[in-house]
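The structure appears below as structure tokens.
Taken together, the values in this text are just the output of simple stated rules run on the coordinates, not laboratory data. This structure is a prediction, so every number in the text was calculated from the model and none was measured. Glycine gets a Cβ as well: all are built from the backbone with ideal geometry, and neighbour counts include every protein chain shown.
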Amino acid sequence: MRLDEGRESSNVEDRRGEEGGGSGGGFRFGGGIGVGSIVIALVASYFLGINPMTMLSILSGGGGGAPVVQRQQQPAHAPPKDDRQARFVSLVLADTEDVWRAQFGNVGKQYVEPKLVLFRGATPTACGTGQAAMGPFYCPGDQKVYIDLAFYDEMKTRFHAPGEFAQAYVIAHEVGHHVQNLLGISTKVDNARRRTSEREGNALSVRLELQADCFAGVWGFHADKARHILENGDIEKALNAATQIGDDALQKGAGRAVMPESFTHGSSEQRVRWFRRGIESGNLQQCDTFSARQL
């Protein structure tokens, strides 16, 4: 993947040097929620998921908004210039900014750039305390993407999904959730989920996640068209990542039976299909998972 000569984003916030990693913050679950539900939410949201705190709110029957952060956040600061991984993240984020600014401009809208927060262990967010075990996630309450960079090691060792473009796909997927938030899609889905059964809510979540995969592909298409970022094998590495984190693959990997009704992100085949649709077409209209009869 060729990004070395690109622009670095100024929207990366480095919290990794904070004492306690932000673990002093906390959030509460409305009506009380058990450890089992917490485990379900973490597993469902582990990789490239929607905000895990939203999942917990749904599981607890909540609908009253995001949990309240209890701790004041320290002033934000940029990552050090000699941090190779942080620089990679900054380059990818900048590239998503360029692509989505142009895409929004094409339809007469203004793109609001999200912040990307680097943290270790745990950190306060507008959606509650984010934990590294949740994997990367997007919080609509503060319009920030959160990632513990140790997750990239997990991609290589646990998910067997190495490669820079696979890592970029992680960021692009979360930025895809930001795009959904700006377009009002996330709010509509959250409202609909509160009025449906768990099974129907899961099905809506799958469509939301697959659309974020497609949006990640749209970014890849336009970034490569404008700046020729892709090298031989890059797309295959991203498709491999999508395969490894399908709900069916994760359930099999955990030694569980595959239960499609419990899917929240989509099967491996579905995730590959929608990412491929985005990166081959570069067309947002091709990402309408909510009108698709077959995912």
Query raised in the report: Is the shape of the range 192-295 best called rounded, prolate or oblate, per the rule: a/c under 1.5 gives rounded, else a/b larger than b/c gives prolate, else oblate, with a ≥ b ≥ c the square roots of the Cα gyration tensor eigenvalues?
Result: oblate
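How big is Rg to Rh over the range 101-253, alpha-carbon atoms, Rh as the Kirkwood inverse-mean-distance radius?
Result for the range 101-253 is an Rg/Rh of 0.96.
Using Cα pairs closer than 8 Å and at least 6 residues apart in sequence, work out the relative contact order for the range 220-283, in percent.
40 percent
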Query - Eligible lysines near Lys225 by straight Cα distance, threshold 23 Å, same-chain separation 8 or greater - result: Lys109, Lys237
Query raised in the report: Out of residues 5 or more away from Gly130 or on other chains, whose amide H comes under 5 Å of its own, with H placed 1.01 Å from N in the peptide plane?
Result: Thr123, Thr125
Report summary line: Exposure-ranked with fewest Cβ neighbours within 10 Å first, Tyr169, Tyr111 stand as Tyr111, Tyr169
Query raised in the report: Which of the lysines could a cross-linker bridge to Lys81, judged by Cα under 25 Å and excluding same-chain residues fewer than eight apart?
Result: Lys115, Lys144, Lys156
Report summary line: Per the 1/(1 + (r/R0)^6) rule, R0 = 41 Å and r from the Cβ atoms of Thr157 and Val107, FRET efficiency to 0.05 is 0.50
